[in-house]
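Below: one structure, written as structure tokens.
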Amino acid sequence: MLPDLTAIRTEFALPDGFPPEVLAEAERAAAGAAAGERFDATDVPLVTIDPPGSKDLDQAVGITRSARGFTVHYAIADLGAVVAPGGALDAEVRRRGQTVYLPDGAVPLHPPVLSEAAASLLPDGPRPAVLWRLELDAQGETVSVDVRRALVRSVARLDYAGVQADVDAGRVHPAIAPLPELGPLRRELAVARGAVELELPEQEVVPDGAGGWTVRIRHRTVVEDWNAEISLLTGMSAARMMLDAGVGILRTLPAPEAEAVAELRRTALALGVEWPAGATPARVLAGLTHADQEPRMLALRRAATTLLRGAAYESFGPGVAPPADPGHGGIGAPYAHVTAPLRRLVDRFGAEVCLAVAAGEEIPAWLAEALPVLPELMSASDRVANAVSRACIDRTEAAVLADRVGREFSVVVLRADPGEVFLPDPPVIARCSGTLRPAEVATVRLEEADPTTGTVRFASP
């Protein structure tokens, strides 16, 4: 039985295509995308690193060693130069909020003439970009930050698996030659800051090779983690600029409460996982084995999700003070979204704030007017995107298991109350009734698998 992905699009009222006036404006914007005065950085070697086949390329990176340590150039697609405030295109992307991904195709934030062509950092010629230049010391700490509009040129379109294979073989593209040194430095700084990385098994829906869909675990490469650290570095730099200037929009998450940390420590000790005196959750989680199906590790990582609750967007500016706690508990520092404007609305506005601050200018009136409404726009689009992603996974899980109701399976117990288990093959996370103990390997019976609702339910004898 196949999951009905069309029904999911209908259920969540996902748009099918763009209105004619939006497409017309996008075509005009694409024709003049590189217009205006820009810093010429086409001599800076940059590469993109994305999943294979990606066309909406938000970021291009170049890393060199310097006398101080490292110089990072991070080019971001310049949507602020092509989306006119107050136009039909601006109104449409505000309505959408972000790209929504489904197994059978994405519902894009911007028309493809922009997101997959004129505004994407493809390696087929100069592209307009917001170019960050980050000077770091030998330990990977930030020394100075600069951001400006520039003309850039990507010299190669790489993917994670290919870069990982090159790293493993001891050959790295010259544009990112120091990445194997800088990446681990930034990861260690993240742990020292208290950044919480759960690293739970990440499910994705993929073709099953027989005309249908199935669920599998997506394995992150080390290179993907290193690349993410460069993005986080840029977002933290943007947040610092905003806070210093007293204007901007942050992605916030409360720091873990003391009782939540104490409860996680008790769980770890009950599972037989060592928690040294004074160790932070970040340090303990970073030291766990990465074996996907090691029961104790799965149970502890699942328990750690209680540390990361209450994510929000918070804007501030003239007459509105920054949040009392501007930090992001999962990152261990204040953070702003600025690195994915092709796929997320708020990044375009965050970049415009930083460009104005770096130039010593007041933010324009249209931007000041937009900042207060962005938190609700982004929160609403997050709710839709998360619900769609969950529905795709849940209904595919149920479809894969629909003909196995009544059978028994060996599972790893993630939680006891409410009961939640992980079935390794096919990789399914579902509710389970009965008496359970976290981290035990239990035999359970599949009671229900309904592809129309995505309900999968097990029971322990």
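Computed values, structure above
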item: Near pairs, Cβ below 9 angstrom, 6+ apart or cross-chain, from segment 406-424 (of a type in the set (A, V, I, L, M, F, W, C)) to any residue that is surrounded by fewer than 16 Cβ atoms within 10 Å (Cβ to Cβ) and assigned to a strand (DSSP E or B); result: PHE409/THR443; VAL411/VAL441; VAL411/THR443; VAL412/VAL441; VAL413/VAL441; LEU423/SER410
item: Every residue from segment 410-423 that is closer than 17 Å to ARG445 by Cβ and either surrounded by fewer than 18 Cβ atoms within 10 Å (Cβ to Cβ) or among the charged types (D, E, K, R) (or both); result: SER410, GLU420
item: Filter result for the condition that a residue is open to solvent by 50 Å² or more (accessible area, probe 1.4 Å) and without any contact (Cβ under 8 Å) to a residue 12 or more places away in the chain, over GLY272, GLY278; result: GLY278
item: ALA340 vs. criteria open to solvent by less than 30 Å² (accessible area, probe 1.4 Å), at pLDDT 95 or above and of a type in the set (Gly, Ala, Ser); result: yes
item: Selection from segment 435-461 of residues that are open to solvent by 50 Å² or more (accessible area, probe 1.4 Å) and more than 33 Å from the chain's Cα centre (by Cα); result: THR435, THR443, ARG445, GLU447, PRO461
item: Conditions (1) within 30 Å of LEU307 (Cα to Cα); (2) open to solvent by 60 Å² or more (accessible area, probe 1.4 Å); (3) of a type outside the set (D, E, K, R): number failed by PRO174; result: (1)
item: Residue check for VAL196: surrounded by 15 or more Cβ atoms within 10 Å (Cβ to Cβ), closer than 22 Å to GLY310 by Cβ and out of contact with any Asp or Glu (no Cβ under 9 Å at 6 or more places or on another chain); result: yes
item: Condition broken by VAL163, with the remaining ones in (1) in contact (Cβ under 8 Å) with a residue 60 or more places away in the chain; (2) outside any helix (DSSP H, G or I) satisfied; result: (2)
item: Residue list for segment 120-139, restricted to those being within 22 Å of the chain's Cα centre (by Cα) and either small (Gly, Ala, Ser) or in a strand (DSSP E or B) (or both); result: SER120, ALA129, VAL130, LEU131, TRP132, ARG133, LEU134
item: Failed condition for ASP347, given (1) touching a His at 6+ places or on another chain (Cβ under 7 Å); (2) open to solvent by 50 Å² or more (accessible area, probe 1.4 Å); result: (2)
item: Which numbered condition PRO375 misses (of (1) surrounded by fewer than 21 Cβ atoms within 10 Å (Cβ to Cβ); (2) more than 21 Å from the chain's Cα centre (by Cα)); result: (2)
item: LEU102 being at pLDDT 95 or above, more than 22 Å from HIS173 (Cα to Cα) and either open to solvent by 40 Å² or more (accessible area, probe 1.4 Å) or within 21 Å of the chain's Cα centre (by Cα) (or both); result: yes
item: Strands (runs of 3 or more DSSP E) completely within segment 199-288 that count 2 or more residues being under 27 Å from PRO326 (Cβ atoms); result: 248-252
item: Residue in segment 108-156 that is least open to solvent (accessible area, probe 1.4 Å), counting only those that are of a type in the set (Lys, Arg) and under 21 Å from GLY32 (Cβ atoms); result: ARG127
item: Index of the failed condition, ALA391 passing every other in (1) closer than 27 Å to ARG301 by Cβ; (2) in a helix (DSSP H, G or I); (3) touching a strand residue (DSSP E or B) at 6+ places or on another chain (Cβ under 6 Å); result: (3)
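Quick grid of which residues meet (1) open to solvent by less than 30 Å² (accessible area, probe 1.4 Å); (2) touching a helix residue (DSSP H, G or I) at 6+ places or on another chain (Cβ under 8 Å); (3) more than 21 Å from THR305 (Cβ to Cβ):
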site: ASP208; (1), (2), (3): no, no, yes
site: VAL215; (1), (2), (3): yes, yes, no
site: ASN227; (1), (2), (3): yes, yes, yes
site: ILE230; (1), (2), (3): yes, yes, yes
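For (1) more than 30 Å from PRO3 (Cα to Cα); (2) among the small types (Gly, Ala, Ser), each residue gets a yes or a no:
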{"residue": "LEU200", "(1), (2)": "no, no"}
{"residue": "ALA210", "(1), (2)": "no, yes"}
{"residue": "VAL222", "(1), (2)": "yes, no"}
{"residue": "ALA238", "(1), (2)": "yes, yes"}
{"residue": "ILE249", "(1), (2)": "yes, no"}
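The values are calculated or read from the model by the stated rules, or taken from the named source; none is laboratory data. Every value quoted in this text rests on a predicted model; they were computed, and no experiment measured them. Neighbour counts are summed over all protein chains in view; Cβ atoms, including those assigned to glycine, are modelled from backbone coordinates with ideal geometry. In case anyone asks, the SASA skips ligands and DNA or RNA and just uses the protein heavy atoms, side chains included. Shrake-Rupley method; radii C 1.70, N 1.55, O 1.52, S 1.80 Å.
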